[in-house]
Amino acid sequence: AKSRGRANYQFFDPALAQSAYTALVMESRLVQAIERDEFVLHFQPQVRCSDQAVVGAEALIRWNHPERGLLLPDAFIPFAEQQRLMWPLGQWVLREAVRSAKRWQAAGLGATPIAVNLSTVQFQAMGFVEAVERVLHEEGVPGAWLELELSERMLMDDLPEVRAKLQRLKALGICISVDDFGTGYFSLRHLKELPIDKVKIDRSFVQDLPHAPDAAAIARALIQMALSLGQDVIAEGVEHPAQRDFLAAHGCEQLQGELISPPLAAAEFQTWLVQQRA
Ligand code: C2E
Ligand code: CA
Ligand code: CA
Ligand code: CA
């Protein structure tokens, strides 16, 4: 323990060696996984508070690993971001999301907008807007079927530049939402100056509703802030009826969470849609 700070000891740190090895293995496996088509999207429904009507779904990536089973994004997205694989992976997600929306439309289930999570690597890349436009064009899908979820951090970089980029996306008909709203350093000014359509109240505020006074005050303030600027509000991670009731009573318009449905594989989501629309 006394030599903790010394580089030569760290070199032999088995935990560190293990993690470097893991990163290396992960890198080559992720490249293979894209080639072998091992990624899948799951879809979590989003519904309107007032009548439970489906308003869309969030696409959530999973890795169907041949030996380790279905892996959640936290197990591989951080590696992909470090290894610059995020661009091809992000492009795959966009195309797959848009194709899924097209399949549901073709199945007679109507337009179901799909919300796609973006990574900083994608949003900051040159040619991002063009790449999105290309996917929509090639798949023959209107921009209105696509929503992009960006974190507060991604939106705070260079305000004029971010604003211009968002405006170009919005010109394609795409809806812009702020993910994990309330967890970053976003201010009223950001909310006002950026062309944002929707905010997603983070699960950490939702989980302690309705009884924890702090969570209740924060949730109410976040909802009011967004509503007063004309933005839509959705709450994520809604698990209990009491949370839903509190949110609805305070003006939150849309809900997402296990109370409505966990994320579903594409075929299951289609079945869920059929039941909802029956
Ligand atoms: P997120 O965008 O905040 O997504 C919501 C997470 O909450 C998802 O975890 C979802 O499965 C989970 N969740 C949904 N309802 C409930 C609930 O009622 N209770 C609880 N406790 N959890 C709920 P998941 O799928 O593991 O995704 C984790 C994160 O990975 C996402 O957080 C998102 O930041 C990232 N991610 C997912 N898909 C993609 C993707 O395609 N691209 C990028 N760049 N990131 C992604
Ligand atoms: Ca999200
Ligand atoms: Ca979120
Ligand atoms: Ca979250």
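The values are calculated or read from the model by the stated rules, or taken from the named source; none is laboratory data. Please read all numbers here as calculations on a predicted model, not as lab measurements. Backbone-built Cβ (ideal geometry, glycine too); neighbour counts: all protein chains shown. Just the protein is used for accessible areas: all its heavy atoms, side chains included, with ligands, DNA and RNA removed. Shrake-Rupley method; radii C 1.70, N 1.55, O 1.52, S 1.80 Å.
Structure notes:
- Qualifying positions in segment 208-228 - surrounded by 16 or more Cβ atoms within 10 Å (Cβ to Cβ) and either polar (S, T, N, Q) or farther than 15 Å from HIS240 by Cβ (or both): ILE218, ARG220, LEU222, ILE223, MET225, ALA226, LEU227
- Residue selected from segment 162-188 under the condition in contact with a Pro (Cβ under 9 Å, 6 or more places away or on another chain) and of a type in the set (D, E, K, R), by the criterion nearest to ASN117 (Cα to Cα): LYS170
- Taking segment 30-72 and the strands (runs of 3 or more DSSP E) fully enclosed by it, the elements with 1 or more residues that are more than 16 Å from ligand 4 (Cβ to nearest atom) and under 16 Å from the mean Cα position of the chain (by Cα) are at 39-48, 54-65.
- Scanning segment 34-44 for residues that are at pLDDT below 95 and open to solvent by less than 60 Å² (accessible area, probe 1.4 Å) yields a single hit, ILE34.
- Condition check for VAL47: at pLDDT 95 or above and open to solvent by less than 90 Å² (accessible area, probe 1.4 Å): yes
- Scanning segment 250-276 for residues being under 19 Å from GLU149 (Cα atoms) and of a type in the set (D, E, K, R) gives a total of 1.
- Any pair with Cβ under 6 angstrom, 6 or more apart, that starts in segment 185-207 at a residue that is without any contact (Cβ under 8 Å) to a residue 24 or more places away in the chain and ends at one that is away from ligand 2 (no atom under 16 Å from the Cβ) and assigned to a loop (DSSP other than H, G, I, E, B): none
- Segment 200-236, subset assigned to a loop (DSSP other than H, G, I, E, B) and under 16 Å from CYS49 (Cβ atoms), residue farthest from ligand 2 (Cβ to nearest atom): PRO210
- Out of LEU169, LEU191, sole residue that is in a helix (DSSP H, G or I), under 16 Å from LEU229 (Cβ atoms) and open to solvent by less than 30 Å² (accessible area, probe 1.4 Å): LEU191
- Residue match in segment 233-241 (condition: on the phi > 0 side of the Ramachandran plot, within 16 Å of ligand 1 (Cβ to nearest atom), of a type outside the set (Lys, Arg) and open to solvent by less than 30 Å² (accessible area, probe 1.4 Å)): yes
- Just one of the listed residues (GLY184, GLY257) is out of contact with any Cys (no Cβ under 9 Å at 6 or more places or on another chain), within 16 Å of ligand 3 (Cβ to nearest atom) and closer than 24 Å to SER100 by Cα, and it is GLY257.
- Subset of segment 78-114 [open to solvent by 30 Å² or more (accessible area, probe 1.4 Å) and hydroxyl-bearing (Ser, Thr, Tyr)]: none
- Filtering segment 115-147 to residues that are within 16 Å of ligand 4 (Cβ to nearest atom), part of a loop (DSSP other than H, G, I, E, B) and farther than 12 Å from GLN91 by Cα leaves nothing.
- Qualifying residues in segment 115-160 (those that are open to solvent by 60 Å² or more (accessible area, probe 1.4 Å), modelled with pLDDT of 95 or more and of a type in the set (Asp, Glu)) - the one farthest from ASP197 (Cα to Cα): GLU138
- Residues that are over 19 Å from LYS198 (Cβ atoms) and assigned to a helix (DSSP H, G or I), drawn from segment 94-114: ARG95, GLU96, ARG99, SER100, LYS102, ARG103, TRP104, GLN105, ALA106
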